[in-house]
């Protein structure tokens, strides 16, 4: 089994800009993260785009859907911003693709101390190998079906609807 890992941006991929003090998107950290994880599982990495999920439009979600549909791999992990991850999961779930698609992200950028990024990615990769065909969100050590998940903005965690 080969996994496809698709980067779309989000907090996971943000970098600290020393000059402005802001977190910004740029070159994906995922190649470095995947090397650090010392994977023995074969994978294909695809950098689709680098967007904050709040800037994501329907055309971007359709681009993600097309990338999943066109993928030769049946197990797919999508690294996505957490703010609109559930919206993209809805698009993918309603598309009815016969693949296992797992969306994940991070509340704290990979490059920032105490980030949840590496754990969430590893957890999502395991979920993509173990879950049946369907669309899932893997966050906070839990796997949620696409149609029963929401981000609780008060607590900063994902939970069932």
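Nearest 5 is fine: what % of DSSP beta bridges in region 3-159 come out antiparallel, could you say?
Counting DSSP beta bridges with both partners in region 3-159, the antiparallel share is about 35 percent.
Give me 91, 149, 135 sorted ascending by neighbouring Cβ count inside 10 Å, so fewest comes first.
Result, fewest neighbours first: 91, 149, 135.
Neighbour counts of other C-beta atoms within 10 Å: give me 86, 131 arranged from fewest to most.
131, 86
How long is the gain from residue 115 to residue 47 if the chain were fully straight, where each residue apart is worth 0.36 nm and the alpha carbon distance is subtracted?
Going from the current span to full extension adds 22.4 nm.
I need the shape label for region 31-86. Rule: rounded when a/c is under 1.5, else prolate if a/b > b/c, else oblate, with a, b, c from the alpha carbon gyration tensor.
Note, shape of region 31-86 comes out oblate.
Full extension from residue 58 to residue 2: what is 0.36 nm times the residue separation minus their Cα-Cα distance, to one decimal in nm?
Gain on stretching residue 58 to residue 2: 17.3 nm.
Hey, fewest Cβ within 10 Å first, where do 44, 77 land in order?
44, 77
Once you have a ≥ b ≥ c as the square roots of the Cα gyration tensor eigenvalues for region 83-161, tell me rounded if a/c is under 1.5, and otherwise prolate or oblate according to whether a/b is larger than b/c.
Note, shape of region 83-161 comes out oblate.
Given an 8 Å cut-off on Cα distances and at least 6 residues of separation, report the relative contact order of the chain as a percent.
Relative contact order of the chain: 24 percent.
Over all alpha-carbon pairs of region 1-71, lay out the pair-distance distribution in 5 Å bins, whole %, shortest bin first.
Histogramming region 1-71 at 5 Å steps yields 4, 14, 22, 21, 19, 11, 6, 2, 0 percent.
A short reminder: the numbers here are calculations on the coordinates, not readings from a lab. The shown structure was predicted, so the numbers you read here are calculated from the model rather than taken from an experiment. All Cβ positions, glycine included, derive from the backbone under ideal geometry; neighbour counts span all protein chains shown.
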